[in-house]
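The values are calculated or read from the model by the stated rules, or taken from the named source; none is laboratory data. Quick caveat: nothing in here was measured; it's all calculated off a predicted structure. Note: ideal-geometry Cβ built from the backbone for every residue, glycine included; neighbour counts use all protein chains shown.
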Amino acid sequence: MKILCIIDSLGSGGAQRQIVELAKGFKEKGHDVAFLTYHPQDFYLPVLKEFGISVLCVQEKSYINRFLKMRNHIRKGKYNVVLSFLTGANLINEMSALPYKKWKVIVGERNADPNILRSRKLKLLRWFHIFSNKIVSNSYENIQLVSKAAPFLPKSRYEVVYNLIDLDKWAPKEGFQFLNNDKIKIVVAASHIYRKNSIGLIEALNLLSESEKSRIQIDWYGDGISPPFFDNSFMETKLKLEQYNLSNIIRFYPATPHIHDKIKEADVVGLFSFNEGLPNIVCEGMACGKLVIASNVSDIPLLIKNPQLRFNPNDIASICSTLRYVLTLKVDNFVLEGGKNREFAVRHFNRDKIVDRYLKIFQL
């Protein structure tokens, strides 16, 4: 099978990580795989090169010229399947299928953003899904939003497939001891944009007592800590850190391809976003046998059963309450929760099974 994967860039985002992992899986199973992007970020480019997967980046400032060049590449590629992730890439994928196509058009909805139902533009973009063969999402919440935005689409068009995880790479570290020196180490992996809510986390930390603060260390890994910034969120976060004197509690690092090693050394994995699809960091933290705290968004309640480990990202007191709850836990609690999370990951995030699920969808 000849498969083309389309996404905006090969940056360090969660959607990029998933489509790259899928492409590797397709390649391992003997399929011909290529990538098409339109922004020159190359975080995952070395990984694709290692697997012999070709990448074409169409860099055009003009949206029309960009679309025409990408459409031409798609239509002349003699692909069996064109798989895209994220809104812009999905639109290019679907419009390139007009006026006719001989290949399967598969689009991936990756972010359960409530604005889909409030924005005419975002609603209209979902109407183009009528030109797709399948709409695959990594959360049930996202499917509900898209189906409300485009109610004329048949239910048979939708598929929910959770994120894939390499369960050997993302596994508990042998001999790891929780709560070393009675300090709780939390790892966050997210780019610095307002949606990821670093400011809300800072405000919640500021509500803790000095003794509570002394027991927490947060390491945040993600793009956007140096110019050009995605938005003003990181600068505002830095100002809040200085204002509240919290720079010794939370540290920011660039995105790293070795985030699995960072997670394995942590006690807790955290997600503080206002909205998400199915966040990689949550799935990977579960696979590594870590306790996970997360915003009560998307399918998170289906993954994290303990309500005290979930919070309302719009409510600073709610975030603070979860942090305080974690501070009350003993080593046995971390081991128990981490074990449950690992079991869930093994059942639901198996890499080979999910790659096979996509290949089956391609053949429907």
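Looking across segment 235-263, the residues that are surrounded by fewer than 20 Cβ atoms within 10 Å (Cβ to Cβ) and over 18 Å from residue 206 (Cα atoms) come down to 253, 254, 255, 256, 257, 258, 260, 261, 262.
What tally of residues in segment 67-83 results from selecting those that are more than 12 Å from residue 96 (Cβ to Cβ) and surrounded by 17 or more Cβ atoms within 10 Å (Cβ to Cβ)?
Matching residues across segment 67-83 total 2.
Say we look at segment 306-317 and pick out the residues that are touching a residue at least 12 places away in the same chain (Cβ under 8 Å) and not in a strand (DSSP E or B); which of these is farthest from residue 208 (Cα to Cα)? Of everything passing the filter in segment 306-317, 306 is farthest from residue 208 (Cα to Cα). Scanning segment 34-66 for residues that are aliphatic (A, V, I, L, M), under 18 Å from residue 92 (Cβ atoms) and crowded, with 21+ Cβ neighbours inside 10 Å yields one hit, 36.
Output the residues belonging to segment 152-197 that are in a helix (DSSP H, G or I), out of contact with any helix residue (DSSP H, G or I) (no Cβ under 9 Å at 6 or more places or on another chain) and either surrounded by 17 or more Cβ atoms within 10 Å (Cβ to Cβ) or among the acidic types (Asp, Glu) (or both). Spell out how you get there, then give the answer.
Start the filter on segment 152-197 by keeping residues that are in a helix (DSSP H, G or I), which leaves 155-157, 180-182, 194-196.
Remaining after also requiring out of contact with any helix residue (DSSP H, G or I) (no Cβ under 9 Å at 6 or more places or on another chain): 156, 180-182.
Hit for segment 152-197 is 182, nothing else.
Hey, does segment 232-240 have a residue that's within 21 Å of the chain's Cα centre (by Cα) and touching a residue at least 60 places away in the same chain (Cβ under 8 Å)? Scanning segment 232-240, I find no residue that is within 21 Å of the chain's Cα centre (by Cα) and touching a residue at least 60 places away in the same chain (Cβ under 8 Å), so the answer is no.
One residue alone among 356, 315 is surrounded by fewer than 14 Cβ atoms within 10 Å (Cβ to Cβ), closer than 30 Å to residue 133 by Cα and modelled with pLDDT of 95 or more, and that residue is 356. Pull out all pairs, ordered by first then second residue, where Cβ-Cβ is under 7 Å, the residues are six or more apart or on different chains, the first lies in segment 195-221 and is assigned by TED's automatic domain parsing to the domain that holds residue 232 and farther than 23 Å from residue 181 by Cα, and the second is among the acidic types (Asp, Glu) and surrounded by fewer than 19 Cβ atoms within 10 Å (Cβ to Cβ). From segment 195-221, the pairs are 199/236.
Against the conditions (1) closer than 30 Å to residue 195 by Cβ; (2) touching a residue at least 24 places away in the same chain (Cβ under 8 Å); (3) among the aliphatic types (A, V, I, L, M), residue 34 satisfies every one except (1). Across segment 198-230, which residue is farthest from residue 17 (Cα to Cα) among those that are buried (at least 22 other Cβ atoms within 10 Å of the Cβ) and hydroxyl-bearing (Ser, Thr, Tyr)? Applying the filter and picking the extreme gives 198.
Restricting attention to segment 97-134, the residues that are under 27 Å from residue 78 (Cβ atoms), polar (S, T, N, Q) and crowded, with 20+ Cβ neighbours inside 10 Å total 1.
The one condition from (1) under 29 Å from residue 350 (Cα atoms); (2) modelled with pLDDT of 95 or more that residue 153 does not meet is (1).
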